[in-house]
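First comes the structure, then the notes that go with it.
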Amino acid sequence: MKICYTLNELDNVASQIIANLNTKTILLYGDMGAGKTTLIKSIIKALGSDDDVSSPTFSIVNEYTSKTEKIFHFDLYRIKNTEEAYNFGIEDYLDSEHWKLIEWPQIIESILFDDFDKIHLELDSQNQRILKLN
């Protein structure tokens, strides 16, 4: 699935993404400033959470709740290797049945054993976002 959108369309885009997912694990790829965290905020809202969503750049993981389940939001930008990921207990999160939204997932791809969905984000020359879900 490919979607071109502006920030005004984010809530609709988040709903479309959720409707087309195969798993509760979403890996988000894109350059700095491509809109990963902004998209995640809309996805968390669409999942039914009223929590204030912020980037877990320094905490590595933030936990949110919807009416029925937990949502984990990871920012692995500062993680240098899988050992660091194991040190904060990533395997416990990955083994859970909860939602897992992971920014900068490249460092942990080798330890992902379950299915996951990938979202690739980029900006075009007019600052329109291009999203590819596979």
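The values are calculated or read from the model by the stated rules, or taken from the named source; none is laboratory data. Quantities reported herein were computed from a predicted structural model and do not represent experimental measurements. Cβ placement follows ideal geometry from the backbone for every residue including glycine, while neighbour counts extend to all protein chains displayed. With ligands, DNA and RNA removed, areas are computed over all heavy atoms of the protein, side chains included. Shrake-Rupley method; radii C 1.70, N 1.55, O 1.52, S 1.80 Å.
May I ask you to say which residue of 54, 125, 59, 49 is of a type in the set (Gly, Ala, Ser) and modelled with pLDDT of 95 or more?
Working: 54 fails: modelled with pLDDT of 95 or more; 125 fails: modelled with pLDDT of 95 or more; 59 fails: modelled with pLDDT of 95 or more.
Going through 54, 125, 59, 49 in turn, just one is of a type in the set (Gly, Ala, Ser) and modelled with pLDDT of 95 or more: 49.
Among the residues of segment 87-107, are any of a type outside the set (S, T, N, Q), in contact with a helix residue (DSSP H, G or I) (Cβ under 6 Å, 6 or more places away or on another chain) and not in a strand (DSSP E or B)?
Among the residues of segment 87-107, not one is of a type outside the set (S, T, N, Q), in contact with a helix residue (DSSP H, G or I) (Cβ under 6 Å, 6 or more places away or on another chain) and not in a strand (DSSP E or B), which makes the answer no.
A quick yes/no check of all residues on (1) buried (at least 17 other Cβ atoms within 10 Å of the Cβ); (2) assigned to a helix (DSSP H, G or I):
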residue: 4; (1), (2): no, no
residue: 28; (1), (2): yes, no
residue: 34; (1), (2): yes, no
residue: 41; (1), (2): yes, yes
residue: 44; (1), (2): yes, yes
residue: 64; (1), (2): yes, no
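Hey, residue 11 hits all of (1) open to solvent by less than 60 Å² (accessible area, probe 1.4 Å); (2) over 14 Å from the mean Cα position of the chain (by Cα) but one; which does it fall short on?
(1)
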